[in-house]
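K.L.:
First, the structure itself, so that you have it in front of you.
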Amino acid sequence: MISQDQITEALRSVVDPCSIATGVPIDLVDMGIVRGIKIDGSHVEIQLRFTSPVCLQAMNITSAIEDAVMAIEGVEQVACDTRSGAWEWKPEMMAPSAQARLRRLRPMPQA
């Protein structure tokens with residue numbers, strides 16, 4: 001049986017491409033891009049939200065997710081749902097540890 005933990009661990013292997021560009025690679029889970037995970041037997045659905053409605057990396061992200069999750073024994077199908085709430089991302093959705101790492105390496109500009 002496939003577990004949430006297995007899926008989450010696989011998703012942690014996928015890094016947000018834009019975070020790489022900032023010099024602070026952050027996985028999709030800590031970035032807050034994963035809205036939810038549904039498992040129905042051997043079928044897995046990953047619900048996503050992107051950081052921008054014009055995310056140029058959306059296809060690369062979904063492809064990397066599919067590859068990572070398909071590598072789990074027992075998974076036969078992976079679908080990425082980007083339909084509802086896909087553009088609701090806010091920086092506060094990042095894991096506190098990821099926010100702290102980002103701020104250590106890229107401090108907020110002084111006003």
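The values are calculated or read from the model by the stated rules, or taken from the named source; none is laboratory data. What you are looking at is a predicted structure, and each value in this text was computed from that prediction instead of being measured. When we count neighbours, we look across all protein chains shown, and the Cβ atoms used for this are built from the backbone with ideal geometry, even at glycine. Just the protein is used for accessible areas: all its heavy atoms, side chains included, with ligands, DNA and RNA removed. Shrake-Rupley method; radii C 1.70, N 1.55, O 1.52, S 1.80 Å.
K.L.:
Search region 10-22 for residues being within 12 Å of I65 (Cα to Cα) and crowded, with 16+ Cβ neighbours inside 10 Å, and hand back the single one that is modelled with the lowest pLDDT.
P.N.:
D16
K.L.:
If you don't mind, another one. Taking the residues in region 42-54 that are outside any strand (DSSP E or B) and touching a residue at least 12 places away in the same chain (Cβ under 8 Å) as candidates, determine which candidate is most open to solvent (accessible area, probe 1.4 Å).
P.N.:
Looking at residues that are outside any strand (DSSP E or B) and touching a residue at least 12 places away in the same chain (Cβ under 8 Å), I get P53.
K.L.:
Restricting to region 47-60, and then to whatever is hydrophobic (A, V, I, L, M, F, W, C) and within 9 Å of the chain's Cα centre (by Cα), can you tell me which residue is modelled with the lowest pLDDT?
P.N.:
Across region 47-60, the extreme among qualifying residues is F50.
K.L.:
Quick check on region 12-23. Is at least one of its residues over 15 Å from the mean Cα position of the chain (by Cα) and part of a strand (DSSP E or B)?
P.N.:
no
K.L.:
Given the structure, is S84 out of contact with any helix residue (DSSP H, G or I) (no Cβ under 9 Å at 6 or more places or on another chain) and at pLDDT 95 or above?
P.N.:
Against the criterion (out of contact with any helix residue (DSSP H, G or I) (no Cβ under 9 Å at 6 or more places or on another chain) and at pLDDT 95 or above), S84 does not qualify.
K.L.:
Still on this structure: Right, I72: more than 22 Å from M94 (Cβ to Cβ) and among the aliphatic types (A, V, I, L, M) or not?
P.N.:
The answer is yes for I72.
K.L.:
Sticking with this structure for a sec: Residue under question is Q77, and the condition is that it be over 21 Å from Q4 (Cα atoms) and open to solvent by 50 Å² or more (accessible area, probe 1.4 Å); does it hold?
P.N.:
No: the conditions fail for Q77.
K.L.:
Now for a different question. Identify, from the list I72, I7, the residue that is modelled with pLDDT of 90 or more, open to solvent by less than 50 Å² (accessible area, probe 1.4 Å) and in a loop (DSSP other than H, G, I, E, B).
P.N.:
I72
K.L.:
Checking the structure you have, find out if any residue of region 82-102 is open to solvent by less than 40 Å² (accessible area, probe 1.4 Å) and part of a helix (DSSP H, G or I).
P.N.:
Yes - at least one qualifying residue is present in region 82-102.
K.L.:
Looking at region 59-75 only, could you name the residues that are closer than 16 Å to T8 by Cβ, in contact with a Cys (Cβ under 8 Å, 6 or more places away or on another chain) and free of Cβ contacts under 8 Å to residues at least 40 places away in the same chain?
P.N.:
Within region 59-75, E66 is the sole residue that qualifies.
K.L.:
Being over 16 Å from K90 (Cα atoms) and either modelled with pLDDT of 95 or more or open to solvent by less than 40 Å² (accessible area, probe 1.4 Å) (or both) is the filter here, so list the residues in region 23-35 that pass it.
P.N.:
Scanning region 23-35 gives a single hit, V24.
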